[in-house]
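The values are calculated or read from the model by the stated rules, or taken from the named source; none is laboratory data. Quick caveat, the model's predicted, so the values are computed rather than measured. Because the Cβ atoms are built from the backbone with ideal geometry, glycine has one as well, and the counts that use them run over all protein chains shown. Only protein heavy atoms, including side chains, enter the accessible area calculation; ligands, DNA and RNA are left aside. Shrake-Rupley method; radii C 1.70, N 1.55, O 1.52, S 1.80 Å.
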Amino acid sequence: MKKRSILLVDDSQDMLEVLRRQLNALQYNTFQSTSVTDAIDLLQHARIDLLITDMRMPGLDGMHLVKYAKSNFPDLPVLVITGFPSVSGAVEAVKSGALDYLSKPFTAKELQQAVQQVFRQQAGQPSTDEEDQKAVHYHGIIGQSAPVQELIDLIERIKDTRATTLIQGESGTGKELVARAIHYSGPYRQAPFVTVNCGAIPEHLLESELFGFVKGAFTGANETRPGFFHAADGGTIFLDEIGNASAAVQTRLLRVIQEKEVKMVGTNTVQKVDLRVIAATNSDLYALSQQGQFREDLYYRLHVIDLHTSPLRQRKSDLPLLIQHFLDKYAKSYGRPKPGITPEAMHRLKAHDWPGNIRELENAVQRALILCDGQIEVADLPAYLHAADKAAPTAQPQPLLSLRELEQQHIRRVLDAMDGNKTAAAKILGINRKTLRMKLKE
């Protein structure tokens, strides 16, 4: 079997040497580059199976290289290495085309697992490593990308507490799944878990449904009925789409969180409750609070623990795992053999940005499984995925250029990016202005 080739990009020679030794020991071929410019040249003239790049480098940085690779070599997997780990940095790298990232310092084992996982994901295969399998499925949460691992780590930290938690994220990103993971992974898993969709209950009914009401409190109140807070006593109440709660509900909710007391509609008698409140929203609650549309004091009460669910377009490395999960789920549900999936169909699924997130992906996989004949092909996918590649211009083969011509092209691109500023361009190119003027004359 032919060895895979990996391009390593880092401005530190020591780091390149460490990476080279570790990957050569794993039977990979390696190329090394200390600059983005040299790395681009290698990408154009050598067969590369994986790009591993540092983020922080002088001149053109790793993000520039990730974007270049995504535009010019869309099938080339990219693994980012950073000494400045952050969720926002990881999200930006993934959005720009990286499959995953590693934070310095890391062990040889962690590097091996990351590289193997990238190649598995590129091939559309689920993880086969036993330890990885344990990390992939966490109380219904599936994924190995950096945002998912960050999320699972936070859940592990808070699961044993009753701290009020706010989950924010786009629709379809699994906010209720996260709330259930918090509840069922902790010591209160035997207690009630009550879900309330604040956006689905009419505003005039939400207050009485949440807090309960006594007989005669309003027209139609023919009996005393406890509310959702009473039902969740001892456990967890999950308030989905909390941004839709009325001002009256917000006021009463603030008292529940602060005093652990519930007052039913139609009475001044208070009842003690012992529960954890988890709220979720796809709105920007902070912005709403600044605009006076949501109580600022309630926002900060809900914001004790803040979790974010990432959209699927920012964790595409999890797509193969999610697709396999949904294929398993619906094959079992319909009593059918689990189908395979062609590389072309997998490519279409990976190329889509999934604005409807996991919910949209699940529907697409379910549809494909029902329509396919033993193997999922492009024709079995939703129609809007059929045309995904037709709109894109056909890539033309790039002519082979001399080193001088490549240098001239690169100088022109840098000058254009700097709006003709020769001083700024020379700084990025790593040459002085005199040398730049000479090259421009040539």
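Which pairs break 24 Å Cα to Cα here: LYS175/LYS263; LYS67/LYS316; LYS175/LYS329; LYS67/LYS439; LYS109/LYS350; LYS70/LYS329? Write out the running numbers ahead of the final one.
Details: LYS175/LYS263 28 Å; LYS67/LYS316 15 Å; LYS175/LYS329 20 Å; LYS67/LYS439 27 Å; LYS109/LYS350 27 Å; LYS70/LYS329 32 Å.
Flagged as over cut-off: LYS175/LYS263; LYS67/LYS439; LYS109/LYS350; LYS70/LYS329.
Tell me the mean residue ellipticity at 222 nm calculated for the chain from its helices only (DSSP H runs of n ≥ 4, each -39500 (n - 2.57), averaged over every residue, nearest 500). Please report the intermediate quantities before stating the final value.
Details: 20 runs with 204 residues, N = 442.
Only helices count here, giving -13500 deg cm²/dmol.
Looking at the chain as a GNM with Cα springs under 10 Å, which of VAL304, VAL66, VAL36 has the largest mean-square fluctuation?
Checking each option, the largest mean-square fluctuation is seen for VAL304.
How would the chain be classified by its alpha-carbon gyration tensor: rounded, prolate or oblate, with rounded meaning a/c under 1.5 and the a/b versus b/c comparison settling the rest? Spell out each step's value before the answer.
Numbers: a/c = 2.37, a/b = 1.89, b/c = 1.26.
Prolate shape, in that a/c is at least 1.5 and a/b is the bigger ratio.
I'd like the Karplus ³J(HN,Hα) series for the stretch 159-168: coefficients 6.51, -1.76, 1.60, θ = phi - 60°, whole numbers in Hz, and an x wherever there's a Gly or Pro.
Values per residue, Gly and Pro as x: 4, 8, 10, 10, 5, 5, 10, 10, 10, 10 Hz.
If you count only protein heavy atoms with a 1.4 Å probe, what accessible area per residue comes out for the chain, rounded to a whole Å²? Before the final figure, lay out the partial values.
Values: 22430 Å² over 442 residues.
About 51 Å² of surface per residue is accessible.
Tell me, what % of the accessible area of the chain is carbon and sulfur with a 1.4 angstrom probe? Could you put the intermediate results ahead of the total?
Working: 11210 of 22430 Å².
Answer for the chain is 50 percent, counting heavy atoms of protein chains only.
Most fluctuating residue of ARG313, ARG162, ARG47 in a GNM of the chain with Cα springs under 10 Å: which is it?
ARG47
Under a 5 Å amide H to amide H cut-off, with H placed in plane at 1.01 Å, what residues pair with VAL265 once short-range neighbours are removed?
GLY212, PHE213, VAL214
For the chain, set up a Gaussian network in which alpha carbons nearer than 10 Å are linked by springs, and say which option among GLY174, GLY335, GLY266 fluctuates the most.
Comparing GLY174, GLY335, GLY266 in the GNM, the peak value goes to GLY335.
Indicate, rounded to the nearest 5 percent, the antiparallel portion of the DSSP beta bridges found entirely in the chain. Display every interim value, and only then the final one.
Working: 6 of 44 bridges.
Taking every DSSP beta bridge within the chain, about 15 percent pair in antiparallel fashion.
Put a dot 7 Å past each Cα toward the Cβ at ALA379 and THR251; how far apart are the dots in nm?
Placing both labels 7 Å along Cα→Cβ, they lie 6.4 nm apart.
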